[in-house]
Amino acid sequence: MKQVLENVENQFEMFQVLDESGKVVNKDDLPDLSDDELKELMRRMVYTRILDQRSIALNRQGRLGFYAPTAGQEASQLGSQFALEKEDYILPGYRDVPQLIWQGLPLYQAFLFSKGHFHGNQYPDELRATSPQIIIGAQYVQTAGVALGLKKRDKKNVAITYTGDGGTSQGDFYEGINNAGAFKAPAIFVVQNNQFAISVPVEKQTNAKTLAQKAIAAGIEGIQVDGMDVLAVYAATKMAREHAVDGNGPTLIETLTYRFGPHTMSGDDPTRYRTDEMDQEWEKKDPLVRFRKYLESKNIWTEEEENQVIEDAKEDIKKAIKQAEQQPKQKVTDLIDNMYEELPANLQEQKEIYQAKESK
């Protein structure tokens with residue numbers, strides 16, 4: 001039995017295309033992306049890093065509400081989203097707002113979501129996505145259902161979802177991958193292993209050597225990817241998508257990544273459970289630095305281009321937060337009306353009470 005386990009674990013070697021210095025170490029799996037596509041991917045990563053920095057500042061100013069930092073996870077988030085089609089469905093966790101934005105969510109609505117405003121969840125009809133899930137792992141079960149619906153309607157699309165390493169300890173994680181596997185539903189399950197479920201290190205959550213190997217019990221494909229390597233994440237997601245739309249079922253992708261900031265801006269202090277040495281070691285793997293070096297080696301990215309992206313991002317964010325703050329303030333009666341089509345008697349009574357208060 002011990003030998004069987006070791007044989008399984010040894011199968012999951014980390015998939016990588018670029019090393020930490022931006023050099024190609026796996027030419028066979030280098031994605032077939034044009035120079036323009038590579039530059040667009042870099043643009044999105046730089047833009048998202050600025051968005052994260054500004055969102056943290058806006059949170060501290062009291063202009064945003066709940067916010068989960070994303071710096072360090074850009075390759076994992078945007079590399080996977082870049083491999084999707086417009087008609088694919090995204091079922092994100094609360095840290096996965098960047099994927100929604102690049103899939104088509106207006107930036108001001110992303111800010112409204114953070115502020116807890118209901119309009120932040122009123123998505124454009126063309127955006128195939130659910131609002132970020134707050135319940136850890138619940139999106140995995142939902143993704144199995146959405147993917148099965150796509151299969152039943154003979155759609156050549158996939159449903160992709162995300163959770164962190166802590167999400168794999170939830171029952172919904174196993175139920176979701178098992179159900180999708182049983183029905184060969186076109187789903188992609190991404191586990192962004194950023195080493196800590198809030199403050200608990202991954203090795204204290206599970207005795208498994210990798211999280212990718214959990215796919216085996218569900219009878220689905222599984223792969224562990226360097227989550228700081230955007231090209232590796234893109235390639236793995238692209239392969240998983242092709243596998244799914246060809247009728248072969250779901251894939252579990254574990255991306256080894258790291259969040260440079262706290263778990264959320266709601267009081268978490270990462271210095272209590274992470275060392276300076278660990279932070280410094282992972283900062284050497286920064287996905288933006290790695291990809292920048294690769295593009296510079298191809299002579300297709302310059303400091304001037306990056307600075308322009310930074311200025312564009314700052315201007316877009318300035319306009320979006322202004323638009324979000326101009327949205328009519330949410331009222332208690334809005335919450336009541338949005339919850340029910342036909343109000344029960346007790347809520348009708350409460351609504352009338354609050355209407356009277358709000359009219360003063």
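None of the figures in this text is laboratory data; all of them are computed from the coordinates on show. Bear in mind that the values here come from a model prediction, so they are computed numbers and not experimental data. Every residue, glycine as well, gets a Cβ built from its backbone with ideal geometry; the counts of neighbours run over all protein chains shown.
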Amide H to amide H under 5 Å from Gly164: which residues, 5+ apart in sequence or cross-chain, H placed 1.01 Å off N in plane? Gln192
Mind listing the phi-derived Karplus ³J(HN,Hα) values for region 179-188, rounded to whole Hz, using 6.51, -1.76 and 1.60 with θ = phi - 60°, and x for any glycine or proline? 5, 5, x, 4, 9, 6, 6, x, 10, 10
Within 10 Å of each candidate Cβ there may be at most 15 other Cβ atoms; applying that plus a DSSP loop requirement, which trypsin sites (Lys or Arg not before Pro) in region 301-341 survive? Lys329, Lys331
Taking the number of other C-beta atoms within 10 Å as the exposure measure, put Tyr273, Tyr140 in order starting with the fewest. Tyr273, Tyr140
Whole-Hz couplings from phi, Karplus 6.51/-1.76/1.60, listed for region 149-154; x for Gly and Pro: x, 4, 5, 4, 9, 6
Which is the longest stretch in the chain that no exposed loop site breaks, taking sites as GluC sites (Glu not before Pro) with a DSSP loop state and at most 12 other Cβ atoms within 10 Å? 127-340
Sorted by chain and then number, the residues having a modelled amide H within less than 5 Å of the amide H of Glu221, at least 5 places away or on another chain, are Leu252
Restricting to lysines 8 or more places apart or on different chains, can you count the pairs in region 253-360 with Cα atoms under 23 Å from each other? 15
Note the listed values (i) 24.9, 83; (ii) 21.2, 74; (iii) 19.5, 59, then indicate which one is Rg and Dmax of the Cα atoms in Å calculated from this particular structure. (ii)
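Would you compute, from DSSP H runs of 4+ residues alone, the mean residue ellipticity of the chain at 222 nm, taking -39500 (n - 2.57) per run and dividing by the full residue count, rounded to the nearest 500?
On the way: 14 runs with 167 residues, N = 360.
Result for the chain, helices only: -14500 deg cm²/dmol.
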Mind telling me which of Gly181, Gly104, Gly249 comes out most flexible in a GNM of the chain, alpha-carbon contacts under 10 Å? Gly104
Can you tell me which of Gln103, Gln348, Gln133 moves the most in a GNM of the chain? Springs connect C-alpha atoms under 10 Å apart. Gln348
Which of Asn307, Asn338, Asn248 fluctuates most in a GNM of the chain (C-alpha springs under 10 Å)? That residue is Asn338
Neighbour-count order for Asp52, Asp96, Asp125, fewest beta carbons within 10 angstrom listed first: Asp125, Asp52, Asp96
Considering only DSSP states other than H, G, I, E and B, which trypsin sites (Lys or Arg not before Pro) in region 77-122 qualify as loop sites with at most 10 other Cβ atoms within 10 Å? Lys86
Of Leu127, Val200, Gly171, which is farthest towards the positive pole of region 125-209's charge dipole, taken about the Cα centre with +1 and -1 on the beta-carbons of Lys, Arg and Asp, Glu respectively? Leu127
Taking amide H positions as placed in the peptide plane 1.01 Å from N, state which residues far from Tyr89 in sequence (5 or more) or on other chains have amide H under 5 Å from it. Val158, Ala159, Ile160
Karplus (6.51, -1.76, 1.60) ³J(HN,Hα), θ = phi - 60°, over region 109-120, in Hz, Gly and Pro reported as x: 6, 4, 5, 5, 4, 4, 7, x, 8, 4, 5, x
Rounded Å value of the spacing that divides the Cα centres of region 10-78 and region 95-118: 17 Å
Please report how far the C-alpha centroid of region 124-163 lies from that of region 284-306, rounded to the nearest whole angstrom. 33 Å
